[in-house]
Amino acid sequence: MVIPPWSTLVNANLGRGGVSFLIGFTRLGEGLARVIALCRHPEYWHTFCSERQLGRKQCYESDLKEIARQIAGILKKNFVGFYVMGSFVMGDWDPEKSDIDFIVVTKKHLDKRESLEIGELHQAWSETDLGKKLDGAYTYLEQLRQKRFEEKTGSVEDHEFKPHCPCHLSADNILCLLEYGKCIQGVPIEKLSLNVSDEELSRAAYDMLVEDVAEIDRKEDFQTLCEILIDVLRCIYTLETGKLPTKPRAIEYCRGIVGKNLYRNIKAFRSGRIEEFKIDKNKLKKIAAYGMTQKD
């Protein structure tokens, strides 16, 4: 039996309208297949996620300008500047996981009225996406210049402003501000007359390692241990190179130190391929101990 061509069967049974429908349906199917194939391509997802992060970052930048304007309005003549630093400006910021690190610089300590109004401001912003991510300090300019980190200062932690907290700043924060920081409003960073010596940076990285080692035994949750691990790698990079790294750069630099399996797990976690992995505390201590031997 001779089977007539497909087009003949279609014409015979469906007519011109049926042919148009089938052709359109076929083209739709081909288009969907192309979309599915594209979505499965890693480069597509990298581009999609990058564009999505860029869009969210631009929204945060707009909000940062607004909160900086409000802070300047409260502090008036005491306001020097509002500055952003850390991963938000260093290129490895993740809108799902990362905080937004900031410093508000003033001419002198906040007085009672300023502290009260700044506290109310952060309380109001705590209900917003930006407010939930803000993590930073209020410090006066001379404290930064003289690196008087033993003095108490204003601090924003867990969405709340605390007027008299132990200062969490160190020399590496100042260097990060100088090298990567962004002025949202106020005096440009280069006019703040700040500087960090190699010895001060090395001491800050070493002290951070000491703090990390003390935290290892006290912490059990994966998220905190993973943050300590990345922090240790960044300190090692700084102690060996005298520079501040982004997190990805520190991970790559310490690839041989952490070993193949741990390196692979860190990369898989940061790319979202796995939710968590086992962190051996003893190995983490050994990595930190190695770092502590690198200080001159």
Residue match in segment 231-244 (condition: without any contact (Cβ under 8 Å) to a residue 24 or more places away in the chain and not in a helix (DSSP H, G or I)): yes
Flag for residue 71 being buried (at least 17 other Cβ atoms within 10 Å of the Cβ), in contact (Cβ under 8 Å) with a residue 12 or more places away in the chain and touching a Pro at 6+ places or on another chain (Cβ under 9 Å): no
Candidates 278, 295, 283 - the one that is out of contact with any Leu (no Cβ under 9 Å at 6 or more places or on another chain), surrounded by fewer than 18 Cβ atoms within 10 Å (Cβ to Cβ) and basic (Lys, Arg): 278
Complete set of residues in segment 240-265 that are under 22 Å from residue 214 (Cβ atoms) and either of a type in the set (A, V, I, L, M) or assigned by TED's automatic domain parsing to the domain that holds residue 86 (or both): 250, 257, 258, 262
Residue, surrounded by the fewest Cβ atoms within 10 Å (Cβ to Cβ), within segment 253-264, restricted to residues that are assigned to a helix (DSSP H, G or I) and touching a helix residue (DSSP H, G or I) at 6+ places or on another chain (Cβ under 9 Å): 256
Residue tally, condition within 19 Å of residue 59 (Cβ to Cβ), in a strand (DSSP E or B) and touching a Ser or Thr at 6+ places or on another chain (Cβ under 9 Å), over segment 73-127: 2
Residue within segment 149-170 that is aromatic (Phe, Trp, Tyr) and touching a His at 6+ places or on another chain (Cβ under 6 Å) present: yes
Count of residues meeting criterion [at pLDDT below 95 and within 22 Å of residue 280 (Cβ to Cβ)] in segment 236-247: 1
Candidate set from segment 128-187 (those that are part of a loop (DSSP other than H, G, I, E, B) and of a type in the set (S, T, N, Q)); member that is surrounded by the most Cβ atoms within 10 Å (Cβ to Cβ): 170
Qualifying residue in segment 105-117 (condition: surrounded by fewer than 20 Cβ atoms within 10 Å (Cβ to Cβ) and more than 20 Å from residue 75 (Cα to Cα)): no
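The values are calculated or read from the model by the stated rules, or taken from the named source; none is laboratory data. Given the structure is predicted, the values throughout are model-derived calculations rather than measurements. Cβ coordinates were reconstructed from backbone atoms using ideal geometry, including for glycine residues, and neighbour counts include every protein chain displayed.
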